[in-house]
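Quick notes on the structure that follows.
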Amino acid sequence: LPQVGLDWRATSARFEPTAESDQLPVWFNGWVTPDEQYVAVVQSANTTESFIEEQTIDAVPAGPEAPSIPGWEAMESPSNGQRSLVKVERGATTIVTGSVDWSELVTFQESLAPVADDVPGS
């Protein structure tokens, strides 16, 4: 789960398949930052290129100004400039995406924390 400030507004949360997720559910959470920019985290067991293209708006590898984070690919949509960090690992895709600049997107990505495996009642 990401750690966001109290001044961030949650705008959407869903857990359902998308057109390109091959009927696999997609966990999607979106926020608006204090500067009225958009950020989201997306996760799915779908690791296909078509799913990643859908979620990143047909992004391509970003240029040299993009961050280099081991295990993550920096991508940018040519149609609207949306920036994305994409990680495919252990049969799952995680995408951090939004309209914020690279430094804010990286800060958001670094705030992600795994959910504990020992959740009470599980």
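Shape of segment 1-65 from its Cα gyration tensor (a ≥ b ≥ c, root eigenvalues): rounded if a/c is under 1.5, otherwise prolate when a/b > b/c, or oblate? Mind showing how you got there, number by number?
Details: a/c = 2.57, a/b = 1.31, b/c = 1.96.
In terms of gyration-tensor shape, oblate.
Once R0 is set to 25 Å, what does the formula 1/(1 + (r/R0)^6) return for the Cβ-Cβ distance between VAL4 and GLU89, expressed as a FRET efficiency to the nearest 0.05? Walk me through the numbers on the way to the answer.
Details: r = 23 Å, r/R0 = 0.91.
It comes out at approximately 0.65.
Modelling each spin label as a point 7 Å along the Cα-to-Cβ direction, I'd like the ARG14/THR107 distance in nm, to one decimal.
In this crude spin-label approximation the distance works out to 2.9 nm.
Scaled to the compact-protein estimate 2.2 N^0.38 Å, what is the alpha-carbon radius of gyration of the chain, rounded to two decimal places?
Values: Rg = 14.2 Å, N = 122, 2.2 N^0.38 = 13.7 Å.
Ratio of Rg to 2.2 N^0.38 Å for the chain: 1.04.
Can you tell which of ASN29, ASN80, ASN46 shows the greatest fluctuation in a Gaussian network model of the chain with Cα springs below 10 Å?
ASN80
The numbers here are math on the coordinates, done by the rules we state, and not lab data. Computed from a prediction, not measured in an experiment: that's the story for all the values here. Here Cβ is always computed from backbone atoms with ideal geometry, including for glycine, and neighbour counts include all displayed protein chains.
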